[in-house]
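Everything below concerns the one structure shown next.
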Amino acid sequence: MTTEDPKPVGGDEERTSTPLDHPLFLPVLFAACAVWFGYDGYLNDSPEMREHQAFNRHGFHLLVFLTAHWGYRGLCETAHRRENPWVLPAILAGMAAWIGFDGWWSQDAFNLENAPFFRAIFPWLAFASGWYALGAVRRNAGSRPRFSFAIVMAAPALGFAYRGLVTEAGEPEAIMWLGGAAIAAVFSIWSFVSGLRHPR
């Protein structure tokens, strides 16, 4: 007669992991969506897609940022190494340069039409990159003031909301400004609540 050892109970029991738990799941998802949005925003010439060009191009900008940021974090988690505090400000500075080029120097018809929007976003990206660079100078990403991301996102949310409410360019542009304000506000509120629930 054989006896089997009882299965461990509680914390010793390994959890069943799924692909959703992998640190690179979100970055790969963001990258796939970025390719989709980028194709429809820049390469697809069909009249139907032209009607949604603004949505696709602005979505592409956001997805490129999310892919770069979460991709780096996922790689660090996979390799079990600490994140370099200079990476996020570098990504934000790159995004600021990209948006600045589209707002001031690009000759693309869409960018010329949306130059005021890009020029309004540029200062906030520059501010965010400088804010996080300050934390990197202090050699500790956790040494930034509390609720820093909430503050960084609340500033453009207020600015975009103001532009959306007072703009005289017509309803489509007002909706674009208010949509950007809503997205930034959601990120700001989420970050603020997260900071309250998980204090340092």
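The values are calculated or read from the model by the stated rules, or taken from the named source; none is laboratory data. No experiment lies behind these values; they were computed from the predicted model shown. Backbone-built Cβ (ideal geometry, glycine too); neighbour counts: all protein chains shown.
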Quiz item: Any residue in the stretch 112-127 that is surrounded by 15 or more Cβ atoms within 10 Å (Cβ to Cβ) and not in a helix (DSSP H, G or I)?
Solution: yes
Quiz item: In the stretch 78-110, how many are surrounded by 15 or more Cβ atoms within 10 Å (Cβ to Cβ), out of contact with any Phe, Trp or Tyr (no Cβ under 7 Å at 6 or more places or on another chain) and over 25 Å from residue 23 (Cβ atoms)?
Solution: 3
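This table checks each residue for (1) part of a helix (DSSP H, G or I); (2) at pLDDT 80 or above.
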| position | (1), (2) |
| --- | --- |
| 85 | no, yes |
| 94 | yes, yes |
| 139 | no, no |
| 157 | yes, no |
| 160 | yes, no |
| 169 | no, no |
| 175 | yes, no |
Quiz prompt | Meets criteria (within 21 Å of residue 111 (Cβ to Cβ) and part of a helix (DSSP H, G or I)) for residue 64 | solution = yes
